[in-house]
Amino acid sequence: MQRLKILAQFSRLSRWFAQNLGVSNLRKEQVYLDIAQSVTLTDASYWIQVLFSAGIATLGLVLNSPAVIIGAMLISPLMGSILANGLALAAGDAILALRALVNLILSCTLAISFAVVLVLILPFKEMTSEILARTQPNLLDLVIALFSGAVGAVAICKEAKGVVTSIPGVSIAVALMPPLCVVGYGIGMAVSLSPGSGLAVARGGGLLFFTNLVAITFMAMLVFLVLHIDSFPVRERVRLWRESNGESIWMQSLVERIPASERLKRIGSLPSRLLLILMTILLTSIPLYQSYNQLSDEISRKQQENELRNNATEIWQKNFGNFPDGKVRSYISQLSFREQKRKLVAQLQVVTSKVYTEAEREQYKQLLSAKLGRPLESIALNLIQIPIASNELLPTKVSETIKPEPPPTVAELQSSFLTAVESALDSLILPLPAQLMSYQAITSPLTPLRIQIAYFSPRDLDPDGQALLVEDIRSQLNYPTAQVNFNRIAPVAGTVTFALNQAQIAANQVQLLDRLGKTVQQNPTLQIEIRSSQAPSEVGSPAQKRSQAIRNYLQTKWQLGPDRYITKTATATQPIVQLKTVLKKPPQNSSPSVQQDAVEGGVTR
């Protein structure tokens with residue numbers, strides 16, 4: 001009796017849900033047949049879509065282009081096969097389940113194989129952020145896939161008006177094709193570059209795709225169950241269609257050859273099917289939960305760092321930043337924290353007009369200790385003070401005898417000219433992301449003044465922006481005929497991959513290091529930022545050895561000393577080192593060079 005009541009309530013819920021979505025019996029038949037027909041193996045357009053979407057997604061991942069990747073998501077047809085699996089589990093349709101499974105396996109194999117071929121053909125194999133983002137799925141990806149599967153199933157069942165707006169969004173949200181291409185990228189890396197790193201990338205992409213697959217199948221199954229899409233009239237209509245469909249007849253003949261084929265015609269009982277897919281989701285959640293914990297720890301660490309910085313900055317500005325009369329005394333130019341030997345080491349670099357005493361340092365430590373709730377002995381302070389020029393010392397006496405000033409010498413005129421050029425160019429502000437590197441002011445008899453400006457930027461300055469900068473320089477110098485030329489230095493970045501527990505640089509990685517070394521050698525204002533990481537399974541500290549191996553190579557071949565590197569550590573699942581050129585911070589009170597052409601009678605500063 002209790003079971004009959006539950007079935008009656010479920011039936012009422014199903015009718016209410018179907019009525020509110022506008023899903024009639026005729027619409028159920030159409031949805032069932034559309035999904036069954038979508039998993040055909042003979043539709044050439046389907047396989048063309050799989051092939052092209054895999055190619056677009058792979059190139060988008062390599063180029064680190066989100067727009068290209070989204071385009072691949074929109075044309076990928078994999079959603080149909082996954083929804084067919086959900087429908088087969090909801091209806092207990094073994095024939096549809098086998099057809100959908102074969103279609104999905106062949107589609108995944110084709111997409112991965114094509115991605116591998118493209119990766120092997122490409123002359124470079126760098127780990128972009130779009131690839132790395134798909135190698136560490138977590139529980140949030142599972143939740144997104146669950147929501148997307150439900151919306152996708154509802155959108156399929158509704159009338160066409162809702163499908164148009166919903167299906168593209170579902171395709172983008174679950175991103176079925178890019179993870180498959182990440183698997184292909186990882187296999188391509190494993191074959192041609194580094195087996196350990198490549199297989200780690202392939203595992204991450206495969207886990208993300210499997211997460212999406214299971215979650216969408218589960219939610220689609222629930223939606224189709226609630227809609228009771230396999231009602232008796234629908235089953236009869238599907239049976240008549242299947243008797244005339246060649247692929248269904250062929251698949252049914254294969255099933256009938258299997259022993260106990262009668263049991264396979266309907267895929268077990270409904271509780272068994274639900275239990276099977278729930279167990280799969282739970283098993284998938286184990287590695288996802290571990291990744292989620294890592295993400296949570298990373299976010300928590302960053303929040304703690306931000307809180308420390310905010311507290312330290314607030315204490316300094318409130319108690320030490322100003323003189324008693326309210327005038328500004330100092331400001332913090334750099335602030336960092338690190339844990340060392342169970343102590344919190346705070347390093348402050350301040351620009352000040354009056355040097356702080358030891359008592360003031362101790363007072364700051366006490367205030368910081370009280371604010372953070374930590375013992376005073378557990379906090380260490382490293383205060384770096386950069387004094388600035390003061391105007392307090394003024395002449396107290398002025399000579400009563402005013403002597404006529406002699407006319408300026410050539411050297412004084414030359415110095416005055418160079419000072420004016422320095423003043424004009426030091427205040428030059430380039431539009432972002434461009435950064436000023438250096439400049440030269442060259443004079444000669446043929447060209448009275450020629451200014452060459454080198455800037456660091458991933459793209460060229462806009463012509464209109466260059467014209468405005470030229471006019472501004474000429475105006476400040478009051479030199480309307482001055483020639484101003486701009487020379488862009490492009491940043492160089494890339495990733496060096498290593499085998500597990502190894503620090504040896506592979507021969508095919510040397511080209512990237514040579515590009516970096518040559519660029520930094522030719523530009524003294526550049527440095528190389530080295531971010532080294534290691535896989536969780538590695539033993540010891542191979543990340544430090546990899547950084548040292550890269551520095552040794554650059555030192556030997558390109559003569560780059562220790563001051564040309566910034567070494568950092570990063571979190572990743574693969575043994576990689578990320579490299580990029582960055583602009584060196586100039587020393588205090590320094591400025592780029594201003595020169596005159598020594599060949600033609602000038603001097604050099």
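The values are calculated or read from the model by the stated rules, or taken from the named source; none is laboratory data. Not measured: the values here are computed from a predicted model. Glycine also receives a Cβ, built like all others from the backbone with ideal geometry; neighbour counts cover every protein chain displayed. Accessible surface is based on the protein model in full, side chains and every heavy atom, while ligands, DNA and RNA are left aside. Shrake-Rupley method; radii C 1.70, N 1.55, O 1.52, S 1.80 Å.
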### Meets criteria (assigned to a helix (DSSP H, G or I), of a type in the set (Asp, Glu) and in contact with a Ser or Thr (Cβ under 7 Å, 6 or more places away or on another chain)) for Glu298
yes
### Task
Search segment 233-249 for residues that are closer than 12 Å to Asn25 by Cα and pair each with any residue that is part of a helix (DSSP H, G or I) and among the aromatic types (Phe, Trp, Tyr) when their beta-carbon atoms are under 8 Å apart and the residues are at least 6 apart or on different chains.
Val234/Tyr32; Arg237/Tyr32
### Query
Among (1) farther than 24 Å from Leu295 by Cβ; (2) open to solvent by less than 80 Å² (accessible area, probe 1.4 Å); (3) of a type outside the set (A, V, I, L, M, F, W, C); (4) without any contact (Cβ under 8 Å) to a residue 40 or more places away in the chain, which single condition is Glu538 missing?
(1)
### Query
If we only count strands (runs of 3 or more DSSP E) wholly inside segment 451-548, which ones have 3 or more residues that are of a type outside the set (D, E, K, R) and closer than 16 Å to Gln578 by Cβ?
493-497, 526-532
### First in segment 129-142 and under 14 Å from Leu176 (Cα atoms), second anywhere and modelled with pLDDT under 85 and in a loop (DSSP other than H, G, I, E, B), Cβ under 7 Å, 6 or more apart
Thr135/Thr573
### Message
Being at pLDDT 90 or above, hydrophobic (A, V, I, L, M, F, W, C) and either open to solvent by 10 Å² or more (accessible area, probe 1.4 Å) or in a helix (DSSP H, G or I) (or both) is the requirement here; does Leu89 meet it?
### Response
no
### Query
Which of the residues belonging to segment 502-517 are in contact with a helix residue (DSSP H, G or I) (Cβ under 9 Å, 6 or more places away or on another chain), farther than 18 Å from Glu529 by Cβ and touching a residue at least 60 places away in the same chain (Cβ under 8 Å)?
Gln502, Asn508
### Within segment 126-234, helices (runs of 4 or more DSSP H) holding 2 or more residues that are at pLDDT 85 or above
129-132, 139-157, 177-192, 195-227
#### Entry: Where Pro491 falls short, out of the listed (1) modelled with pLDDT of 85 or more; (2) within 18 Å of Tyr553 (Cα to Cα); (3) touching a helix residue (DSSP H, G or I) at 6+ places or on another chain (Cβ under 9 Å)
(2)
#### Entry: Test result for Ala549, at pLDDT below 85 and open to solvent by 20 Å² or more (accessible area, probe 1.4 Å)
no
### Task
Could you look through segment 237-262, keep only residues that are surrounded by fewer than 11 Cβ atoms within 10 Å (Cβ to Cβ) and at pLDDT 75 or above, and pick out the one that is nearest to Ala153 (Cα to Cα)?
Arg239
#### Entry: Unique match (being open to solvent by 90 Å² or more (accessible area, probe 1.4 Å), at pLDDT 80 or above and more than 23 Å from Leu132 (Cβ to Cβ)) among Asp460, Asp464, Asp514
Asp460
